[in-house]
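Please treat every number below as a calculation from the coordinates, not as lab data. These numbers come from a predicted model, not from an experiment. Heads up, the Cβs are rebuilt from the backbone with ideal geometry, glycines too, and the neighbour counts pull from every protein chain shown.
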Amino acid sequence: MVFFTFGFDGSVMSGILAMTPFVDQFGTIHTETGTSLSATDISIMTAIPTTGCLLGLPVAAYCGDRYGRKKTLLIGCAISAIGSAIQTSAFGMAQLVIGRWLVSESSSSLVLFPSPPLSPSLPFLSTLANVLFPDSAIFLFIVMGSTFLAEIAPNEIRGILTGLSIVLVDAASILSAGINWAVSNDTSAFAYRFPMGLQILFPVVIGVGIIFLDDSPTFYLTKSQDNRALKSLRSIRKGYAEAEVNAEFAALKAQAALRQEEVQVPWTHIFKGTNLRRTMLALSVGNMQQLSGIAFATNYATIFLQTIGSDISAFLLVLAITILAFGGAIGGLFLVDAVGRRPLALTTFVILFIINVTIGALGFADYLNNSSISRTIAAFCCMFSFFFAAGFGPLTYVVASEMPTARLRNKTGAFSFFVLACFSTVVQYVLPYISNADE
């Protein structure tokens, strides 16, 4: 549910930015033909929320180790619900941005932060008010969600659950795109307040469910509370033989000891010797994905598809894009192991390059007066989403987790996603000024 929340928050604004009631309420360019959003408006609403990730990362790391995974998740739920309420009720840019920032900070903490010792294979890390609060909550969700999942999932299905988390992100995108399409013809404020308001529901559901869970055994072991750790492990391994539970508990204690050694490794080691090359490779896929055009294909997809003059609803096209991305994500889960990391990367990256060049070339044609060209552009946008999800989707997480050495995996993963958040913020901020003709 944490990953689902992250996916919904990350995609819902794409359609909202193109809704007439939203533009009329928050747009700052007023002409005789109507109101529109300036490049600065779009940049603020999409880029500033991602800075919530930067705050969520250290908050999640500190709170997760000090207060536990469960309490940190509950804090994220509270922040997310408050931020969602702020952005849903917003009537000005400042309130909207603050709300979204809070949501992003809490969600990202639950999903992106690198997993602790038990899961070395998993990589993790008015308008102004609305954007800041939701985004900071999303960051908390991402970091602690992935950590909690890694620590309580049985070894035999941990990989499947990790892959499922990526699929859930795309499934949430389908839901948000479908809702945006359903309300796209509504001329009242309900059109954008309803999808925003739904974000209040998700943290409430997560919070209620977490209340009935105990904290992870790993957290108790790090606090030298062996009895509570064993009790927690037994509660999440009901149906397992006592011998199996005891064997896993012994393994967890050994891993906890290794974790103490890992903590003592200086951060500077990720930049020394061959570790520097490993760190650069871990950074490569995640940061290069921002240059692939994914920011344009997500946050600005609906706006872009409206400008090409297609006779098909831009909201319907975005729904198709998210469905294809969902299919690509499922395919990528199998391809990343079936064909290998390098072949999958080279194949999908070349295909994405061809798609980007084709869309760019068609942009010089008279697409506004030729429906065939506009439909071709829309078709290539749909193909982009599929191949991106099949390639960059799984590879971003797999490469970041497999490149570092075991002792530096958590630190390298944390640094990789921190840099990714910084790079994403820059791209999100600059892109509207490149694509908008007004500035």
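At a glance:
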read-out	value
Residues Tyr240, Tyr192, Tyr62, sorted so that the one with the fewest Cβ neighbours within 10 Å comes first	Tyr62, Tyr240, Tyr192
Inter-label distance for Asp65 and Ser188, nm, one decimal - labels placed 7 Å from Cα along Cα-to-Cβ	5.1 nm
Segment Val204-Leu281, length gained on full extension (0.36 nm per residue, minus Cα span)	23.9 nm
Exposure proxy order (Cβ contacts within 10 Å, fewest to most) of Met19, Met45	Met19, Met45
Anchor Lys411: lysines whose Cα lies under 29 Å away (excluding residues fewer than 8 positions away in-chain)	Lys70, Lys71, Lys223, Lys253, Lys272
Chain lengthening between Ala379 and Ile236 when straightened (0.36 nm per residue, less Cα-Cα)	46.9 nm
Residues Lys231, Lys71, Lys411 arranged by fewest to most Cβ contacts within 10 Å	Lys231, Lys71, Lys411
